[in-house]
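The values are calculated or read from the model by the stated rules, or taken from the named source; none is laboratory data. Computed from a predicted structure; not experimentally measured. Heads up, the Cβs are rebuilt from the backbone with ideal geometry, glycines too, and the neighbour counts pull from every protein chain shown.
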Number of protein chains: 2
Amino acid sequence: MLLYETNKWDIKTHVLDPSETSPCKYLCNYFQKGDLTDYDTVYQFGKGVETLTVEIEHVNIEALFQLEREGVEVYPQARILAIVQNKITQKQFYQAHNIPTVTFMNFNSKKDFEGKQAFPYIWKSALFGYDGKGVAVVKDSTAEARLPDVACVIENVVPIKKELAVIVARNLMGEIVTYPVVEMSFSNEASLVEFVISPARISEDTVKRATKIAVQVSKEMQHVGLLAVELFLTKNEEILVNEVAPRPHNSGHFSIEGSLTNQFEQHIRSVLKLPLGSTDIKTPAVMINLLGAKGFEGDAYYKNIEKILAVKGVTPHIYGKKQTHPFRKMGHITVVSPNLETAIETAKNVKKTIKVIASNKY
Amino acid sequence: MLLYETNKWDIKTHVLDPSETSPCKYLCNYFQKGDLTDYDTVYQFGKGVETLTVEIEHVNIEALFQLEREGVEVYPQARILAIVQNKITQKQFYQAHNIPTVTFMNFNSKKDFEGKQAFPYIWKSALFGYDGKGVAVVKDSTAEARLPDVACVIENVVPIKKELAVIVARNLMGEIVTYPVVEMSFSNEASLVEFVISPARISEDTVKRATKIAVQVSKEMQHVGLLAVELFLTKNEEILVNEVAPRPHNSGHFSIEGSLTNQFEQHIRSVLKLPLGSTDIKTPAVMINLLGAKGFEGDAYYKNIEKILAVKGVTPHIYGKKQTHPFRKMGHITVVSPNLETAIETAKNVKKTIKVIASNKY
């Protein structure tokens, strides 16, 4: 989706991706298959560009630090990725900067906490967690026994009213803009976002407080590019930072149809030292993640897509991943309407109608 | 812009284009450089695809007829291109189907009309006219003497109040949708559209009549895909068809930012037998054509683009053509605002600010 924007502005792009069948391959000027965690691969690739941005946190940061030293513009900065990549350093960052977050402890190995924590608690692997992977609600010793022995963060269970997100954009000149606060609703089954609702159905005061905290994180981090700030609104009306992602984010996909400047264009603006664009709402919107259906593996087939295309205000985005498997993110669908409640109703129906299955099963 | 939509839906594309530096090259799955007017080139290319669409009228139609006979889905149909490609057959089509159009005569050579027409009159080459090329207002015998000796249409000069356009989409099932009537304002200097204003500032009655005529043309033609119907609103409040284009059209670019379904997605929907999308307005919009500045030839440089990027609601689209020359269409800019008059004011300022010059001149 970033590459639509670079093409829109005739910006030349090189892409490094681990998959030979990456959908990026046909949207960039030069494509290289390679391991994002390998120092030499990232370093050599980065030497060939003027500005480098990343869309995944798990990339070789040492190579990015070296590229920065050699004058390549790397945004988000390697320093930001180093903070965010590891849940322990991320949580410590919040603590050090008085950013409200869920109370936590961190451990380097399992023996340090096993048998010593009151249940239930939230366990998060320090590394490689995303989309609900590397996260567990630990309710008893059986669940605790199943946890892998890795560095981790352990958090209190906080009663949550809503999960919110704010996308902040910041450019090198320190200009900051924020998108409207959105509301994320999760599927219990896959710990993945099911709907993102823009704008969030919360009070004006909550909007202000959430936006203020998101801007605070942005200012303290001094990142360049987007920063998606995921927040908890607790049952006590407290707002706590859950985690951040320094890149275009699922919680901002609604902006393609719903905002004056979509998040991908905004990211390009911020990393290329261009003025930031207006984040005003063009229309209320609901984003639905299109996940691979349970029980299907193989070449993806989008069952009933022609039915949802007949519904007013519905725009599917199909990512072009060849293979589906249960809960794989295969695309997203945006539903817009001048009336948010109508968009939500339509989104629920769309969600029930479309199904990503394997083509040998239809 | 069509290729953004095919990518959005993971539709595989092959592109045939006469230029090796075509911006399409990095947006499709297979690119072939070739002459669109050569039978063998078009035929062989067409044999490799399931559905073929064209974005320019001047293509080898015999090859398209042959491909249709061999089962390739060609939309717009070769028959439609044959009517539209030649201004004489196009005008005769309107006449035969009682579609209101400017009174005309047609001639096969210059000697048939030279010295016999009252001045002023409008001369249009039967073939190869577009963007004001192949069209002349002939005011006296000196101007007449300069006309080339080719088949042509001669039209009365009609006092025009506004130029309007309606984009109609029609799929194979015969479903038809229309976009809002837009208003085109022309630059006198280049006979090129300067602004497209959506929606047009005309009465409800004029909207109805213009839409009705556009739908009539669509129904009579039985095209598949988009049909851009350009209309004259005369000083007598008559509506006359000027010409049509059976493809995504400059007068529909506003729809990328301004409509629930943009014209490119709509074209893809119609040629792939998908349900048509809603054409509802998302926001009022003004489209500005970004033309090469007078007096500049060479590698294109977009002077002041960073200034217009700082203006709320402004989205430039840069087509990625390497070379600029006077009045070459280098891109377009959409300006949106909930208030149409604000969008028009902003568009005028944007137009004054940005300039496409040659990079060796800045």
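Of note:
- Search result, residues across segment A:154-170 that are surrounded by 24 or more Cβ atoms within 10 Å (Cβ to Cβ) and either touching a Ser or Thr at 6+ places or on another chain (Cβ under 6 Å) or of a type in the set (V, I, T) (or both): A:A165, A:V166, A:I167, A:V168, A:A169, A:R170
- Among the residues of segment A:1-45, those identified as more than 9 Å from every other protein chain (Cβ to nearest Cβ), touching a Cys at 6+ places or on another chain (Cβ under 7 Å) and either within 19 Å of B:K25 (Cβ to Cβ) or surrounded by fewer than 16 Cβ atoms within 10 Å (Cβ to Cβ) (or both) are A:H14, A:V15, A:F31.
- Scanning segment B:318-336 for residues that are surrounded by fewer than 21 Cβ atoms within 10 Å (Cβ to Cβ) and within 26 Å of A:I256 (Cα to Cα) yields B:I318, B:Y319, B:K321, B:K329.
- B:Y94 meets each of the listed conditions (1) touching a strand residue (DSSP E or B) at 6+ places or on another chain (Cβ under 9 Å); (2) without any contact (Cβ under 8 Å) to a residue 60 or more places away in the chain apart from (2).
- Taken over segment B:41-83, the criterion of being assigned to a helix (DSSP H, G or I), out of contact with any strand residue (DSSP E or B) (no Cβ under 6 Å at 6 or more places or on another chain) and within 26 Å of B:V150 (Cβ to Cβ) is satisfied by B:T41, B:V42, B:I61, B:E62, B:A63, B:F65, B:A78, B:R79, B:I80, B:L81, B:A82, B:I83.
- Count - residues of segment A:8-25 that are assigned to a helix (DSSP H, G or I) and in contact with a helix residue (DSSP H, G or I) (Cβ under 7 Å, 6 or more places away or on another chain): 1
- Single condition A:V182 does not satisfy, out of (1) without any contact (Cβ under 8 Å) to a residue 40 or more places away in the chain; (2) within 21 Å of A:N236 (Cα to Cα): (1)
- Unique match (being within 12 Å of chain A (Cβ to nearest Cβ), of a type in the set (D, E), out of contact with any helix residue (DSSP H, G or I) (no Cβ under 8 Å at 6 or more places or on another chain) and more than 18 Å from B:V181 (Cα to Cα)) among B:E265, B:E297, B:E345, B:E306: B:E306
- Elements of type strands (runs of 3 or more DSSP E) contained in segment B:214-304, each with 3 or more residues being within 30 Å of A:I308 (Cβ to Cβ): B:225-234
- Residue in segment A:109-119 that is polar (S, T, N, Q), without any contact (Cβ under 8 Å) to a residue 60 or more places away in the chain and in a strand (DSSP E or B) present: no
- Taking residues in segment B:5-29 that are within 20 Å of A:Y301 (Cβ to Cβ), and partners anywhere that are charged (D, E, K, R) and assigned to a loop (DSSP other than H, G, I, E, B), the pairs with Cβ atoms closer than 7 Å and at least 6 places apart or on different chains are B:N29/B:K12.
- A:D280 free of Cβ contacts under 8 Å to residues at least 40 places away in the same chain, among the acidic types (D, E) and surrounded by fewer than 24 Cβ atoms within 10 Å (Cβ to Cβ): yes
- Residues that are touching a Lys or Arg at 6+ places or on another chain (Cβ under 8 Å) and polar (S, T, N, Q) within segment B:347-362 comprise just one, B:T353.
- Some residue of segment A:155-168 being touching a His at 6+ places or on another chain (Cβ under 8 Å) and closer than 27 Å to A:S185 by Cα: yes
- Any chance A:S359 is modelled with pLDDT under 95 and more than 10 Å from chain B (Cβ to nearest Cβ): yes
- Scanning segment B:84-105 for residues that are of a type in the set (S, T, N, Q) and not in a loop (DSSP other than H, G, I, E, B) yields B:Q85, B:T89, B:Q90, B:Q92, B:Q95, B:T101.
- Residue in segment B:317-327 that is of a type outside the set (D, E, K, R), within 28 Å of A:C28 (Cα to Cα), assigned to a loop (DSSP other than H, G, I, E, B) and within 10 Å of another protein chain (Cβ to nearest Cβ) present: yes
- Exactly one residue out of A:K219, A:K208, A:K235, A:K294 is at pLDDT below 95 and of a type in the set (D, E, K, R): that is A:K294.
- Residue satisfying condition, being in contact with a Phe, Trp or Tyr (Cβ under 8 Å, 6 or more places away or on another chain) and modelled with pLDDT of 95 or more, within set B:K312, B:K303, B:K352: B:K303
- Leading residue by the ranking (farthest from A:R79 (Cα to Cα)) among those in segment A:227-253 that are acidic (D, E) and over 15 Å from the mean Cα position of the chain (by Cα): A:E237
- Residue match in segment B:185-194 (condition: at pLDDT below 95 and surrounded by 20 or more Cβ atoms within 10 Å (Cβ to Cβ)): yes
- The residue that is farthest from A:S125 (Cα to Cα), counting only those in segment A:61-78 that are surrounded by fewer than 17 Cβ atoms within 10 Å (Cβ to Cβ) and free of Cβ contacts under 8 Å to residues at least 12 places away in the same chain, is A:G71.
- Residues satisfying the stated conditions in segment B:97-108, i.e. in contact (Cβ under 8 Å) with a residue 12 or more places away in the chain and more than 17 Å from B:R146 (Cβ to Cβ): B:H97, B:I99, B:P100, B:T101, B:V102, B:T103, B:F104, B:M105, B:N106, B:N108
- So A:V196, is it assigned by TED's automatic domain parsing to the domain that holds A:E243 and touching a strand residue (DSSP E or B) at 6+ places or on another chain (Cβ under 6 Å): yes
- B:V229, sole failed condition from (1) more than 14 Å from chain A (Cβ to nearest Cβ); (2) more than 22 Å from B:R209 (Cβ to Cβ); (3) among the hydrophobic types (A, V, I, L, M, F, W, C): (2)
- Considering segment A:145-195, and only residues there that are of a type in the set (D, E) and in a strand (DSSP E or B), the residue that is farthest from A:E114 (Cα to Cα) turns out to be A:E183.
- Criterion: over 21 Å from B:L233 (Cβ atoms) and either outside the structural domain of B:K111 (by TED's automatic domain parsing) or of a type in the set (A, V, I, L, M) (or both) - qualifying residue of B:R146, B:R170: B:R170
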